[in-house]
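> Structure in structure tokens, see below.
The values are calculated or read from the model by the stated rules, or taken from the named source; none is laboratory data. Keep in mind it's a predicted model, so treat the numbers as computed, not measured. With ideal geometry, Cβ positions are generated from the backbone for all residues, glycine too; neighbour counts draw on all protein chains shown.
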Amino acid sequence: MLEGKHIVVGVCGGIAAYKVADLVSKLCQAGALVDVVLTEHAEQFVSALTFSALSQRPVYTNLWEPTGEAAARHIALGQAADLLLIAPATANTIARLAHGLADDMLTTVALAITAPLLIAPAMESQMYQHPATQANLRLLAERGATIIAPESGRLASGEVGQGRLPETPTLLAQIRWTLGRATGDLVGRRVVVTAGGTREPIDPVRYIGNHSSGLMGFALAEEARDRGAETLVIAGAVSAPMPPGVEVIRVETTLELRDATLAALADADALVMAAAVADYRVEHPAAHKIKKGSAEENGDGSLTLRLTQNPDILAEAQALAEANGLTGLTRVGFAAETHDVERNAAAKLRRKGLHLLVANDVSQPASGFGVSTNQVSLFYADGRVERLPLLPKTEVARIIWDRLAPLLSERSADKVKR
Ligand code: PMT
């Protein structure tokens, strides 16, 4: 995603300027070409040498450098860039950008650029909340800039409030997401990803659940988002943080997950069910907390819970797609298996009418529930099987979308022909 992208990073004079050195380093490690433009005041906080050592490129500070090339450097930078990020953006630079001033290299590049503009304000909270700053940010947003809201926490003054520059992973996610919306191979697609585990109530305080953290589903959602898809995540119980930049619907039980999923399918191009779904629910959950010795107990002190089968959401999605002529809906299931992985996976693929089934052997400690890695095999509807090594879930997600993106195009073309 970042490989070969040309990113211009504008740094202003704020204490958070030091954090941007880490961001530039991460962007370069990911294969991006990074040009850094420092304002005069930024140089008071971090030197040009720091950034040129990290980017392995010259750093731009002076609009008036007396060389023939320098005269049009701001135009050249503006034309070459795939994205301009200004971080930290101070109140002063935000005001200059809002009013179209071009009195230094950074504001001049900002006027010359046609690529997406990301602005990450960072300052004391009074300055950030000031009506002038807010009006300037609104103006910039109306003109198409994306404003990355500052986080709350301890500020340079020692006060606590909103004004901190978000950490590198948040800035990187925003950059990937913005680039994906412009050039990703899933632009124009709507995808639905389910994540996490369902919980089936026993009584108001207890439930039957599973160990899904949401990591696999969120990795799939983030990858789809970064490739430009409009992404809906339907999330059950999770311990991983919610991915930014995607629409989220929270559910608890399998029935809630079923309703939310089926309702989202009418305009979806793909459904990817990474959620760990309870096959059974308690037939009659107790209205009050079950206590020892209560009427729910059997005479011998034991307790019997009668379970009833939940609907199979993927099978219902297939039936709905067939009934409503949703021929362009690509359906992907996961299979969490502890034994006979391949035989069970092939059977699930057929039974649930899927285009792709991702089988994970959850009997291995580093694969499946609650860990950041997964070992999966991809079972295709035409009988092919692709066995992948143990990989980070983010990498598994990338490979899955690599395989799905052409399939989605084929199926949409097919839909148009009919
Ligand atoms: O969240 P993590 O900690 O990252 O863990 C990831 C994971 C192990 C949960 C994930 O990789 C995974 O395997 N998800 C599917 C788990 C599961 O429910 O497997 P299953 O074999 O029981 O179901 C097969 C498929 O049918 C799944 O896509 C499931 O979402 C779907 N299903 C299951 C039951 C049901 N009633 N309706 C369904 O649609």
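> Looking at this structure, is Gly293 out of contact with any Phe, Trp or Tyr (no Cβ under 6 Å at 6 or more places or on another chain), within 13 Å of the ligand (Cβ to nearest atom) and not hydroxyl-bearing (Ser, Thr, Tyr)?
Judged against the criteria, Gly293 is not a match.
> Ok, one more. Sort out for me the strands (runs of 3 or more DSSP E) sitting completely within the stretch 229-298 that have 1 or more residues that are of a type in the set (Lys, Arg).
247-250, 280-282
> Every residue in the stretch 240-262 that is within 14 Å of the ligand (Cβ to nearest atom) and modelled with pLDDT of 95 or more, please.
Ala240, Val251, Thr253, Thr254, Leu255, Glu256, Leu257, Arg258, Asp259, Ala260, Thr261, Leu262, listed by residue number.
> Has the stretch 263-273 got at least one residue that is under 24 Å from Ser239 (Cβ atoms) and either surrounded by fewer than 18 Cβ atoms within 10 Å (Cβ to Cβ) or away from the ligand (no atom under 16 Å from the Cβ) (or both)?
No, the stretch 263-273 has no match at all.
> Looking at Leu357, Leu349, which one is assigned to a strand (DSSP E or B), within 14 Å of the ligand (Cβ to nearest atom) and either more than 26 Å from Glu316 (Cβ to Cβ) or hydrophobic (A, V, I, L, M, F, W, C) (or both)?
Leu357
> OK, next. Taking Gly368, is it near the ligand (Cβ under 10 Å from one of its atoms), in a loop (DSSP other than H, G, I, E, B) and crowded, with 19+ Cβ neighbours inside 10 Å?
yes
> Filter the stretch 198-212 for residues that are near the ligand (Cβ under 8 Å from one of its atoms) and surrounded by fewer than 22 Cβ atoms within 10 Å (Cβ to Cβ) and give the result.
Selection gives Asn210, His211.
> Could you say whether any residue in the stretch 216-239 is without any contact (Cβ under 8 Å) to a residue 40 or more places away in the chain, within 13 Å of the ligand (Cβ to nearest atom) and surrounded by 15 or more Cβ atoms within 10 Å (Cβ to Cβ)?
yes
> Another question about this same structure. How many residues are within 8 Å of the ligand (Cβ to nearest atom) and within 26 Å of the chain's Cα centre (by Cα) if we restrict to the stretch 297-345?
Qualifying residue count for the region: 8.
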